Structure formats: structure tokens, C-alpha cells
1. Which residues, counting only those in region 1-40, are within 12 Å of Ile62 (Cα to Cα) and either touching a residue at least 40 places away in the same chain (Cβ under 8 Å) or charged (D, E, K, R) (or both)?
2. Scan region 41-52 for residues that are touching a residue at least 12 places away in the same chain (Cβ under 8 Å) and either within 11 Å of the chain's Cα centre (by Cα) or more than 21 Å from Ala30 (Cβ to Cβ) (or both) and report the count.
3. When you scan region 18-54, how many residues do you find that are assigned to a helix (DSSP H, G or I) and of a type in the set (Asp, Glu)?
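The numbers here are math on the coordinates, done by the rules we state, and not lab data. Because the structure is a prediction, the values reported are computed rather than measured. Backbone-built Cβ (ideal geometry, glycine too); neighbour counts: all protein chains shown.
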Amino acid sequence: MTPAEAAMLLTVAASFDNRKPDPDAAKAWAVALEGYRFEDCRDAIVRHFRSTSEYLLPVHVIRGVKAIRKQRLDDHPLPPVPSGFTDAQELSWRRQMRDRIANGEVFPIPELPAGAPPAAVKALAAGWRGDR
């Protein structure tokens with residue numbers, strides 16, 4: 001998070017609670033929100049003010065971002081693991097895919113042909129959810 005991005009977030013918050021953003025606050029928020037995506041932070045701010053009138057602090061934004069990321073992971077399970085990976089490669093792939101999904105990337109769910117046997121449906125669903 002850059003101070004410029006944090007300043008934009010403070011401007012969003014100011015439109016809800018009339019705070020007076022300044023460069024020092026933007027620097028402090030940039031430090032507090034380091035590692036979090038601007039888009040997720042902005043969405044967390046909007047969600048915050050939709051549900052409470054509590055004065056917004058970085059900790060509220062962080063909690064909101066974590067909830068947004070968790071919801072994405074709950075809504076969009078991992079796609080099937082490509083074959084041929086070693087255990088270490090599979091672990092790395094799973095971590096990367098979780099990060100991509102948590103960041104908002106969506107992957108299409110593979111479709112089975114009509115009349116596929118139940119075992120194929122079950123195997124596909126298990127691979128899609130990561131139940132291996």
C-alpha cells in the first residue's frame with residue numbers, strides 16, 4: 001500500500017464520516033495496510049459503513065479484507081490439481097491458486113458430459129474442492 005493509495009482510501013472514508021485526511025494519516029495508514037490490495041481495502045471500507053457507524057480504523061479495514069478474501073475462497077474452490085506434480089509442486093500450486101482466488105481471480109468450473117457416471121462426478125467434485 002502506497003501513501004497515495006492510502007490517501008485515496010482516507011478520501012473514501014471521509015465521504016462517510018467527514019474525517020479530514022492529511023499526508024501524515026495517509027503515511028500511517030499505508031504502513032498499517034502494507035500488503036493489502038487497494039481494491040479489497042476500498043471494498044472493506046464500504047462494507048464497514050454499510051453495517052456500522054463506528055469510526056473506521058485500519059484494524060477494521062484489515063478485518064474486512066480478511067472477510068472478503070475468506071468469502072472468495074468459500075465461494076470459489078480450487079480447480080483440480082494438474083497431474084504430474086511432485087508433493088512440493090502441488091503444495092506450491094495450491095498456495096498460489098488460493099492467493100489468486102482470494103485476490104478475486106475466478107476460474108471456470110469444469111463440466112462433465114451429460115450422462116457421466118456418478119463416480120466421475122464424485123471424483124471431479126473431490127478434485128475441485130481439493131479433497132484428495
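1. Passing the criteria: Glu34, Arg37, Asp40.
2. Here is the first cut: in region 41-52, the residues touching a residue at least 12 places away in the same chain (Cβ under 8 Å) are 41-49.
After this cut, where a residue has to be either within 11 Å of the chain's Cα centre (by Cα) or more than 21 Å from Ala30 (Cβ to Cβ) (or both) as well, the list is 41, 43-44.
So the count comes out to 3.
3. Residues of region 18-54 assigned to a helix (DSSP H, G or I): 23-32, 38-51.
With of a type in the set (Asp, Glu) added as a condition, the list becomes 24, 39-40, 43.
Residues in region 18-54 being assigned to a helix (DSSP H, G or I) and of a type in the set (Asp, Glu): 4 in total.
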